[in-house]
Amino acid sequence: MEPRKSLTAVIITLNGERLFDRCLDSLSFCDRILVVDSFSTDRTEAIARAHGALFIQNPWPGNARQIRFGVDWLAANAPTDWVLFLDCDEICTPELAASIRAAIASPGEVAAFSMPRRTWYFDRFLRHGGSYPDRLFRLFRPEAIRIENSGAHQRFVPEGPGGALDGDLLHYTYSSFRNQLDKLNDYAERGARDLESRGKRGGVAAGLAHGLWRFTAMYFIRLGLLDGRAGFLMAAHTAFYTFLKYVRIAEGSWGAPYDAAKLPPARPARASTQGPDQHP
């Protein structure tokens, strides 16, 4: 009889206490959990240790490199047959957990399995606008996966055949509109640097064009309008994020000291017709 395949969940964190306890609860079917933290100052470490997770810290190098750091750490310190990657605001449903265990028990030649992700936004789980099923490769053999940056996030590319799982991964990405705008500001900066590294040109015109197209595609073509207010708000915020990242490529150096030699000449003062003691 073939021995049972080992499964380790990997989670990267930075001040992720909001749903972390529920996230870890949903991973009780895993053999172990590795948390790769970027020096959180909230209760992230305490929650991880309370669940018996392996806890290591590494300065934030970007999504893809931080995940790769965790996978490489496992290879050197706690080898595993399979890795399941989750963010700390995601929850594995019982249906997905059962599908994962069944898949790795008899995987054949499959290098990685994709799973459908269902995102909660505003007042509902989104079903349209390209938000669902949002299949992502998150279960993989550690030696058969390439991890790449994809804008502000990451992409897992299997180096071999792919398979598909049943059951949803639940994603609770934002806690409020303010939280969303804070994240969009960070995402736009990382997205701009990614576009810039690939030689993309930015500016207001490019931002408007890409932003308007993103809204049109999400809300009308992919029927985000069927998600009601949530669909409109998600499309609007996504369009704004798209606009921001293209504008930031060409924003220049706002805070740099000015060059006095390049200043336009000052206007001469207009002569006053009033005496020193006259007031209007």
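Annotations for the structure displayed:
- A single member of R49, R68 is within 22 Å of the chain's Cα centre (by Cα) and either free of Cβ contacts under 8 Å to residues at least 40 places away in the same chain or part of a helix (DSSP H, G or I) (or both), and it is R68.
- Checked against the criterion of being of a type in the set (G, A, S) and in contact with a Pro (Cβ under 7 Å, 6 or more places away or on another chain), the candidates A164, A144, A152 yield just one match: A144.
- Residues located in the stretch 1-26, provided they are buried (at least 17 other Cβ atoms within 10 Å of the Cβ), aliphatic (A, V, I, L, M) and over 20 Å from the mean Cα position of the chain (by Cα): L7
- Some residue of the stretch 186-202 being in contact (Cβ under 8 Å) with a residue 12 or more places away in the chain, within 30 Å of S26 (Cβ to Cβ) and of a type in the set (F, W, Y): yes
Quick note: the coordinates plus some simple rules give every number you see, no bench work behind them. Since we're looking at a predicted model, the values are computed, not measured. No Cβ is skipped: glycine too gets one built from the backbone with ideal geometry, and neighbour counts run over all protein chains shown.
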